[in-house]
Amino acid sequence: MTARTGGGRTNQKQRTRTAIVAAARELIGTGAEVTMPAIARAALVSEATAYRYFPDLPSLISEALAGAWPPPAEALAPVADSADPVERVAFACEFLLRGILARQGSVRAMIAATVTRPETVTTRPGIRFGLIDHALLPLENTLGATDPDAFAQLKRDLAVVVSAEALFTLTDLCGLDPDTAVSSAVRTASTLTDAAVRGTA
């Protein structure tokens with residue numbers, strides 16, 4: 001009897017956790033603001049209950065987003081046959097920023113949390129880095145071999161541009177509409193990559 005009761009309690013905890021993650025995932029998909037109270041309401045639990053399962057919002061968002069982004073090779077499949085790093089970087093940049101726009105409530109929440117609590121930064125998915133690395137594969141045997149420092153610097157430069165922070169700077173501070181902001185970031189990422197490629201010629 002005790003074992004059955006314990007098993008039932010375990011199953012209930014799992015159902016509650018699943019409901020919280022599902023509610024977070026659904027809210028993230030709307031692009032709206034993502035908060036722990038909103039997720040708790042959608043999951044039909046108290047905010048205190050949600051915090052018992054997840055110590056903070058970033059950890060919950062991170063679990064809810066698990067598997068939401070495709071691997072870099074899959075994401076860049078449309079340019080898989082291209083050996084042009086500029087074209088590949090442009091595609092990767094637009095892919096990331098469009099994905100951020102679709103999930104911007106959760107992305108903003110993650111950024112806000114990691115600004116106020118830098119120790120939680122590891123919970124942020126590093127999608128941009130995988131995309132940048134994959135986009136720059138054609139340069140590994142050229143710039144990457146002849147000038148590894150310049151290659152590493154290009155990746156760092158792109159990490160600044162191919163990012164949520166850059167996108168929100170363009171929309172929030174510069175007043176650009178989302179499409180124009182994406183185009184601006186893509187143009188900058190392409191220019192950086194083109195300059196690096198020309199430097200190896």
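The values are calculated or read from the model by the stated rules, or taken from the named source; none is laboratory data. Bear in mind that the values here come from a model prediction, so they are computed numbers and not experimental data. Methodologically, a virtual Cβ is constructed for each residue, glycine included, from the backbone with ideal geometry; neighbour enumeration extends over all protein chains shown. For accessibility, only protein heavy atoms count, side chains too; no ligands or nucleic acids. Shrake-Rupley method; radii C 1.70, N 1.55, O 1.52, S 1.80 Å.
Okay, here's what the table says:
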read-out	value
From Leu60, Leu65, Leu27, residue being within 24 Å of Ala102 (Cα to Cα) and in contact with a Phe, Trp or Tyr (Cβ under 6 Å, 6 or more places away or on another chain)	Leu60
Selected residue (criterion: nearest to Glu74 (Cα to Cα)) from residues of the range 124-143 that are open to solvent by less than 20 Å² (accessible area, probe 1.4 Å) and not in a loop (DSSP other than H, G, I, E, B)	Leu131
Search result, residues across the range 83-97 that are open to solvent by 50 Å² or more (accessible area, probe 1.4 Å) and over 23 Å from Asp172 (Cβ atoms)	Ala83, Asp84, Glu87, Phe91
Close pairs (7 angstrom Cβ cut-off, 6 or more residues apart or separate chains): closer than 15 Å to Leu136 by Cα in the range 67-84, of a type in the set (Lys, Arg) anywhere	Leu76/Arg88; Val79/Arg88; Ser82/Arg88
Some residue of the range 98-121 being open to solvent by 60 Å² or more (accessible area, probe 1.4 Å) and more than 22 Å from Thr35 (Cα to Cα)	no
Close pairs (6 angstrom Cβ cut-off, 6 or more residues apart or separate chains): closer than 13 Å to Ala42 by Cβ and at pLDDT 90 or above in the range 10-21, assigned to a helix (DSSP H, G or I) and among the hydrophobic types (A, V, I, L, M, F, W, C) anywhere	Ala19/Ala43; Ile20/Ala43; Ile20/Ala50; Val21/Ala64
Check on Pro78, modelled with pLDDT of 95 or more and exposed (fewer than 14 other Cβ atoms within 10 Å of the Cβ)	yes
Restricting the range 25-37 to residues that are free of Cβ contacts under 8 Å to residues at least 60 places away in the same chain and open to solvent by less than 90 Å² (accessible area, probe 1.4 Å), the residue that is nearest to the chain's Cα centre (by Cα)	Met36
Residue in the range 110-126 that is without any contact (Cβ under 8 Å) to a residue 40 or more places away in the chain and touching a Ser or Thr at 6+ places or on another chain (Cβ under 7 Å) present	yes
Neighbours by Cβ (under 9 Å, 6+ apart or cross-chain): first from the range 180-201, at pLDDT 95 or above; second surrounded by fewer than 13 Cβ atoms within 10 Å (Cβ to Cβ) and in a helix (DSSP H, G or I)	none
Search result, residues across the range 38-71 that are small (Gly, Ala, Ser), open to solvent by 40 Å² or more (accessible area, probe 1.4 Å), more than 30 Å from Ala135 (Cβ to Cβ) and part of a helix (DSSP H, G or I)	Ala42, Ala48
